[in-house]
């Protein structure tokens, strides 16, 4: 519909002012909710505690997958388990590598640092999606979507449990932006970091990156993870394949609570083989 110039002249400033008001109101409410989450950040960081403990064990030469599979927790100093409520490490050691800096901090400080990492990752993720979308007509809808994301249950659960999907998706979107600019190395590094949650990222990344020249970023990320996997295996004195086997064994216990991901087929094969 074509509006008269006078109407458009009034409507454009009004639309911008409305957008500012919406952003301020939703931003204030989101901030209030995040502040409440900050106050309870260290109460229940189950996933973060497990990932951090896994990396801490590997840095000291222990095999966390063997310890979890064969219930050998008593072989490690008790203080390692002080903040760990359950211990079923189901991520490859290369995916846990980005957690190394958090092992250098006291636990409560590390939890709060991870909380901030998630908040900043959420902002980066939303900003990256906005850049990828490039839809000026969505000026008013975008803050509404951002608000729904920030105050919604999934993100609040991520903050509460110390989970990592938001960080992973932020790096994935960053990798896409770098790939658009033909920055292969930057895209590969970001894609490798996004694999901190590879069951989520791999199904999303493959159709996005195996086109044109983007496959180079996939090759770089895969090479980085292979090197890291071999290095961690040497560090903990285990076979690279044995680590994968232990992870599949531990992950099979979680089958009833998870959806479809990159391990689903392997878990179902193992269950059928055991039943036979």
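Nothing in this text is a laboratory measurement; each read-out follows from the coordinates by a stated rule. All values derive from a computational prediction rather than experimental measurement. Positions of Cβ are generated from backbone atoms using ideal geometry, with glycine treated the same way; all protein chains shown enter the neighbour counts.
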I want to check the label-to-label distance for residue 131 and residue 211. Put each point 7 Å from Cα in the C-beta direction and report it in nm to one decimal.
1.9 nm
Testing the spin-label approximation: label points 7 Å from Cα along Cα→Cβ at residue 77 and residue 59. State their distance in nm.
1.2 nm
Taking r as the C-beta separation of residue 181 and residue 113 and R0 as 41 Å, the FRET efficiency to the nearest 0.05 is 0.85
Given points 7 Å out from each Cα along the Cα-Cβ axis, report the residue 84 to residue 241 separation in nanometres with one decimal.
2.7 nm
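What is the extension gain from residue 105 to residue 123, computed as 0.36 nm multiplied by their sequence separation minus the C-alpha to C-alpha distance, in nm to one decimal?
On the way: separation 18, 0.36 × 18 = 6.48 nm, distance 2.40 nm.
Gain on stretching residue 105 to residue 123: 4.1 nm.
Rank these for me by crowding, 102, 70, going from fewest to most other beta carbons within 10 Å.
Listing 102, 70 from fewest to most nearby Cβ atoms yields 70, 102.
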